[in-house]
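See below for the structure under consideration.
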Amino acid sequence: MKYPTLEEVENADHEQICRWMRFLKVSGNPEEQKVIVRLCERCDEFGGFTTAISKKIGWKQ
């Protein structure tokens, strides 16, 4: 899965944010780390990673 841009993160809905959080690979790239930090912030703004979203997304990409 390709890392989103910060702009894509800002425009994403709750489910998409959670998909990225679940399936993006960990990165040591400083720009990608900024994206991860913002993903976490946005997820919190939406109320977190809920059980319902987790079930909807599943564990397979």
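Listed values, structure above:
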{"quantity": "Count of segment 9-61 residues which are touching a Gly at 6+ places or on another chain (Cβ under 8 Å) and of a type in the set (D, E, K, R)", "calculated": "0"}
{"quantity": "Matching residues, segment 8-36, being over 9 Å from the mean Cα position of the chain (by Cα) and acidic (Asp, Glu)", "calculated": "8, 10, 13, 31, 32"}
{"quantity": "Residue selected from segment 24-36 under the condition open to solvent by less than 60 Å² (accessible area, probe 1.4 Å) and part of a loop (DSSP other than H, G, I, E, B), by the criterion nearest to residue 61 (Cα to Cα)", "calculated": "24"}
{"quantity": "Residue tally, condition farther than 13 Å from residue 1 by Cβ, part of a helix (DSSP H, G or I) and within 13 Å of the chain's Cα centre (by Cα), over segment 37-61", "calculated": "11"}
{"quantity": "Condition met for residue 61 (open to solvent by 70 Å² or more (accessible area, probe 1.4 Å) and either touching a residue at least 40 places away in the same chain (Cβ under 8 Å) or on the phi > 0 side of the Ramachandran plot (or both))", "calculated": "yes"}
{"quantity": "Subset of segment 27-49 (residues that are in contact (Cβ under 8 Å) with a residue 24 or more places away in the chain and in contact with a helix residue (DSSP H, G or I) (Cβ under 8 Å, 6 or more places away or on another chain))", "calculated": "27, 34, 35, 38, 39, 42, 43, 46, 47, 49"}
{"quantity": "Cβ-Cβ under 9 Å pairs, at least 6 apart or on other chains, segment 2-23 side closer than 19 Å to residue 53 by Cβ and open to solvent by 60 Å² or more (accessible area, probe 1.4 Å), far side at pLDDT 95 or above and of a type in the set (Ser, Thr, Tyr)", "calculated": "none"}
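The values are calculated or read from the model by the stated rules, or taken from the named source; none is laboratory data. All values reported here derive from a predicted model rather than from experimental measurement. All Cβ positions, even for glycine, are placed from backbone atoms using ideal geometry, and neighbour counts span all protein chains on display. Just so you know, the surface numbers come from the protein's heavy atoms only, side chains and all, with ligands and any DNA or RNA stripped out. Shrake-Rupley method; radii C 1.70, N 1.55, O 1.52, S 1.80 Å.
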